[in-house]
Each structure stands twice: as structure tokens, then as C-alpha cells.
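Working notes, structure below.
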Amino acid sequence: MERIVREGYSYLLNHSALETVSHVVSLLEDDELFNAGTGSQIQSDGVVRMSASIQDGTSKKFAGVINIENVQNPVQVAKLLLNEDDAVLGGEGACRFAQKQGIPAYNPATAQRLAEYQEKRGKAGLGTVGCVALDADGKLAAATSTGGKGFEIPGRISDSATVAGNFVNDYCGVSCTGVGEDILRVALAAKIVTRVSDGQSMMDAYAKTFGELAEFDGFAGAIALDKHGNFGYRDSHPSMVFAAFDGLTLVLFE
Ligand code: ASP
């Protein structure tokens with residue numbers, strides 16, 4: 001995590017926030033430790049299906065792929081989709097779009113995930129990745145990528161490629177992890193961003209939104225960054241790991 005955050009910050013010095021969130025999420029997807037890209041969890045029928053989204057806080061353009069198969073970096077497919085009129089593609093359509101863009105076929109299953117699958121034990125809810133960045137022009141962007149909950153019914157839609165799991169505007173960006181069904185129930189990312197945009201402090205926006213999640217004992221975590229560089233972090237998810245770096249101070253929560 002620390003290596004990736006430092007590398008991501010160096011990249012941000014010469015790239016936009018949008019390019020940076022795609023780059024950082026790709027690095028996280030490539031690390032087997034996380035449940036996104038390589039090392040994604042396997043669904044109940046033995047297939048790896050991944051979801052990812054990306055949003056540009058300035059243009060507000062949002063793009064996502066849901067249940068995509070056989071690609072290395074779902075977030076990069078989502079980024080390519082930003083150039084199209086259609087914002088979110090699912091299943092076969094997402095796979096065909098990736099092929100048409102010349103993205104090579106890739107098997108994201110790892111030996112460890114296959115062993116977990118054989119033993120019928122998923123590490124549910126662990127390891128989705130996300131990044132929010134603020135660039136030198138004051139622009140924000142956010143991206144989130146997941147292999148899902150593990151053992152889900154094929155066709156299940158994750159929050160990660162929706163505005164509940166990933167949302168950003170000119171004021172604030174949020175990326176979420178946890179149980180997608182709980183995140184959707186409170187529109188977690190969109191709510192925090194809206195509250196900060198409407199003038200609430202990051203702390204109050206988090207308190208109010210996580211209070212709504214607590215009403216049904218929801219299981220989620222969210223990272224946030226506002227246009228002033230203030231970051232937010234909270235979870236009801238005991239294993240969320242989070243890092244923030246402004247070039248001087250690295251904050252790491254485990
Ligand atoms: N939110 C993801 C999902 O429900 C899982 C996770 O964050 O670990 O698909």
C-alpha cells in the first residue's frame with residue numbers, strides 16, 4: 001500500500017487527477033493482495049467477474065463496467081468508456097467493448113483464489129480498491145475496482161460501478177468498499193459528496209451518512225478527499241486499509 005501510494009503521488013506530479021486514479025487503481029488491481037483485477041474473488045459458478053468505475057469531478061463524466069471477464073485492468077476499460085456516450089456497460093457488452101478496444105485477454109484468477117473457491121470459503125467483502133486524487137489544477141477524480149463479494153449469484157451487480165460506491169464532483173470525491181447491498185441502501189459515496197458540496201464539514205457528512213448505515217448495521221468503508229486536500233476515512237469494516245499522502249506526510253491506517 002505504501003509503495004503504491006508513493007508511486008501514485010509521483011505520477012500525480014505530472015498527470016491529472018483522472019489519469020492518476022486510473023493508474024493507482026491499476027497498480028492495486030495488479031497486486032494479488034487485493035480483491036480487484038488479478039486476485040479477484042470467484043463467483044458461485046466458478047467465474048471471475050469484476051466491476052470498476054471512474055469519474056472525473058470536473059466534467060462529472062462517469063463510466064463503469066459491471067461483471068467484466070478476462071481483462072487485467074477493469075478500471076482502464078472504464079476509463080476508455082469515458083470517451084463514449086454510453087456510461088456503464090455490463091457483462092458481455094463490457095467484455096466485447098474491451099476486446100474492440102484491443103485490450104488483450106487475461107485470466108485474473110490466482111492459485112490462492114482457486115484454492116479458496118475449492119474450499120468454498122470466500123473472504124467476503126475484503127480487498128476492493130479505490131483511489132481519490134486532487135491534482136495541481138485543483139481537480140478531483142475517483143476510481144473504484146472490485147472482484148465482488150465472492151460466491152455471488154452470477155448477474156449480481158456490485159456497488160463499485162455505481163454512484164453509491166464511487167462519486168466525485170468539484171468539491172469532494174469518495175470511494176467505498178464493503179457489502180455492496182448496504183452501500184446501495186444509503187447511496188454512501190453520493191451522500192457524503194453531496195453533504196460536503198452543500199457545506200457540511202467532512203466530519204459531519206461522515207457522521208450523518210454512517211449514522212444512516214448504522215440504522216441497519218450496514219457494513220461499509222469510505223475514503224474521501226475534498227478540494228482543499230482534507231481527507232476523510234471511516235468504516236464499519238474492521239479490515240479496511242487506507243493511506244493518504246500529500247507529498248510530505250504519509251498517513252497509513254491498518
Ligand atoms: N463493495 C464490493 C461489492 O459489494 C465488495 C467490497 O468492497 O469488498 O461488490
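Bear in mind these aren't lab numbers, they're just calculated from the coordinates by the rules spelled out. This structure is a prediction, so every number in the text was calculated from the model and none was measured. So basically every Cβ, Gly included, is an ideal-geometry build from the backbone, and we count neighbours across all protein chains shown.
A few points about this structure:
- The stretch between residue 83 and residue 136 holds 16.8 nm of extra length on full extension. This uses 0.36 nm per residue minus the Cα-Cα distance.
- On full extension, the segment bounded by residue 33 and residue 45 gains 2.1 nm, given 0.36 nm per residue less the C-alpha separation.
- All Cα pairs of the range 153-198, percent lying beyond 13 Å: 48
- Its Cα centre serving as origin, the range 1-68 has a Cβ charge dipole (Lys and Arg +1, Asp and Glu -1) of approximately 260 debye.
- Secondary-structure-derived ellipticity at 222 nm for the chain, considering helices only, amounts to -9500 deg cm²/dmol, per-run term -39500 (n - 2.57) for DSSP H runs with n ≥ 4.
- Gyration tensor (alpha-carbon) shape descriptor, the range 1-126, a/c threshold 1.5: oblate
- Reported to the nearest whole Å, the Cα centre-to-centre distance from the range 141-178 to the range 59-120 is 13.
- Computed from backbone phi with θ = phi - 60° and the Karplus coefficients 6.51, -1.76 and 1.60, the 3J(HN,Hα) list for the range 67-73 is 6, 7, 10, 6, 10, 7, 10 Hz; x is used for glycine and proline.
- The simple spin-label model puts a point 7 Å past each Cα toward its Cβ; for residue 101 and residue 198 those points are separated by 3.4 nm.
- Placing a label point 7 Å from the Cα of residue 230 along the Cα-to-Cβ direction, the residues of the range 141-174 whose backbone N falls under 19 Å from that point are 141, 167-174.
- Exceeding the 27 Å Cα-Cα cut-off - candidates 100/191; 79/208; 149/191; 100/227: 100/191; 79/208; 100/227
- Convex hull volume per residue in cubic angstrom - Cα atoms of the range 4-56: 64
- Given their separation in residues at 0.36 nm each and the Cα-Cα distance between them, residue 92 and residue 207 gain 37.5 nm when the chain is fully extended.
- Remark on residue 236: its backbone amide H falls under 5 Å from those of 220, 221, a criterion applied only to residues 5 or more positions apart or on other chains, H modelled at 1.01 Å from N.
- Point-charge dipole on Cβ atoms (K/R +1, D/E -1) for the range 64-173, about Cα centre, debye to 20: 460
- The listed peptides 176-187, 220-231, ordered by packing as a protection proxy, come out as 176-187, 220-231 (highest mean of other Cβ atoms within 10 Å first).
- Considering only 236, 210, 248, the residue lying farthest towards the positive end of the dipole of the range 203-254 is 248, judged by Cα position with unit charges set on Cβ.
- Overall dimensions of the chain as given by Cα atoms, namely Rg and Dmax in Å: 16.6, 49
- Top of 92, 152, 69 by mean-square fluctuation, Gaussian network on the chain, Cα under 10 Å: 92
- Length-normalised contact order of the chain in % [C-alpha pairs under 8 Å, at least 6 apart]: 20
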